[in-house]
Every structure is written in C-alpha cells, then in structure tokens.
Amino acid sequence: MPRQRVSLITLGVADLARACEFYRAWGWTPHPAAAPGVVFFQMHGAALALFPCADLAADQGRPGASLGTGAVTLAQNCADQAEADAVWQAAVDAGAAPLKRPERAEWGGWSGYVADPDGHVWEIAHNPFWTLGPDGALTLP
C-alpha cells in the first residue's frame, strides 16, 4: 500500500456543534455514520473529521495539551477564478473569517484564504497549471 497518502484529516475544534454548523452552511454534508463526539465528512478518497480539542489531545496521548491552528493550510482547488471567488464567498457567508480575498498570485494562479470558526486556514485557489477531474480530484502534472 502506498505510504504517500492521507486518509483522514482531523481538525480539533472548540465547539463541535458550531464547527459542524459552519461546514454544513459552507455546503459540506456530514456522514451519517459518525460516532458521538465526532463528525465526519466524506471527501474524494479521504475524510475530514471534526473532534473536540480536549478529546483530540487526549487521543494523541497529550491530555491537557493546547492545540494550535494556522501552521497548516488546507486547500480547495477550483476549476476557474469564478468558482474560486464563489467558494471563498460561500465560506465567508457561512461564518469563515476572510483572511485574504482571492487575487492574482505571484505563481500565476488565483488564490485567497479564509479561517473557519476554530482558526483552521483554508486556501481557495485556481491553479491554471493543474487539471481537475470532473469530480474535483487533483492529479499533479
């Protein structure tokens, strides 16, 4: 089995209900098989989980640890600039903090940033050098 993969991304959240509501408002659909105290979202080939910070720290074997945000950026690549603008605005409308409105990036694409209610940073971008499949899946050239 390949080691160069990610199967699950877990975000530590302060308020599970608030975080779930934000992702729902942004257009994500929670998976119905979630266990109490965690919310899952099925993605293309992976899943996103929301898990209370204290529970996540304890699960990591670091009870009481203060978990930070912002040092990792999650990204959604879009088919074009208009889609990137719409996804960015939908996140802001759902309650994300606007960090940087999408604009021309020095690398030749279109990119902006938002932070979810727990401070997890999302880049919303269009990279004209990368092709997305019909389902939004990215395969590097």
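The values are calculated or read from the model by the stated rules, or taken from the named source; none is laboratory data. Everything numeric in this text was worked out from a predicted model, so none of it was measured. Quick reminder, even Gly has a Cβ in these numbers, built from the backbone with ideal geometry, and neighbours come from all protein chains shown. We work out accessible area using only protein heavy atoms, side chains counted, and drop any ligands, DNA or RNA first. Shrake-Rupley method; radii C 1.70, N 1.55, O 1.52, S 1.80 Å.
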Subject >> Percent breakdown of C-alpha pair distances by 5 Å bin, ordered from the shortest bin, for region 34-86 >> reply: 4, 14, 16, 19, 21, 11, 7, 6, 2
Subject >> Ellipsoid equivalent to region 14-63 - semi-axes via the Cα gyration tensor, in Å >> reply: 20, 13, 9
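Report the extension gain between Leu132 and Asp55 in nm, rounded to one decimal, defined as 0.36 nm multiplied by the number of residues separating them, less their alpha carbon distance.
Details: separation 77, 0.36 × 77 = 27.72 nm, distance 3.55 nm.
Gain in length upon complete extension: 24.2 nm.
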Original post:
Can you give the charge dipole size of region 21-126 about its Cα centre, rounded to the nearest 20 debye, using +1 on the beta carbon of Lys and Arg and -1 on the beta carbon of Asp and Glu?
Top reply: 140 debye
Original post:
Once both labels are modelled 7 Å past Cα along the beta-carbon direction, what's the Ala34-Leu140 spacing in nm?
Top reply: 3.2 nm
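Length gain on complete extension for the stretch Arg18 to Arg5, per 0.36 nm per residue less the alpha carbon to alpha carbon distance?
Details: separation 13, 0.36 × 13 = 4.68 nm, distance 2.91 nm.
Fully extending the segment from Arg18 to Arg5 adds 1.8 nm.
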**OP:** Go through Asp80, Asp59 and list them by solvent-accessible area, largest first, probe radius 1.4 Å.
**Re:** Asp59, Asp80
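Tell me what the chain gives for mean residue ellipticity at 222 nm when only DSSP H runs of n ≥ 4 count, each as -39,500 (n - 2.57), the sum divided by the residue total, rounded to 500 deg cm²/dmol.
Numbers: 3 runs with 31 residues, N = 141.
Taken over the chain, the calculation gives -6500 deg cm²/dmol.
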Original post:
Under 11 Å from a point 7 Å along the Cα-to-Cβ line of Val72: which residues of region 94-132 have their amide N that close?
Top reply: 121
Subject >> Trp110 accessible area, 1.4 Å probe, all protein chains in place, Å² to nearest 10 >> reply: 40 Å²
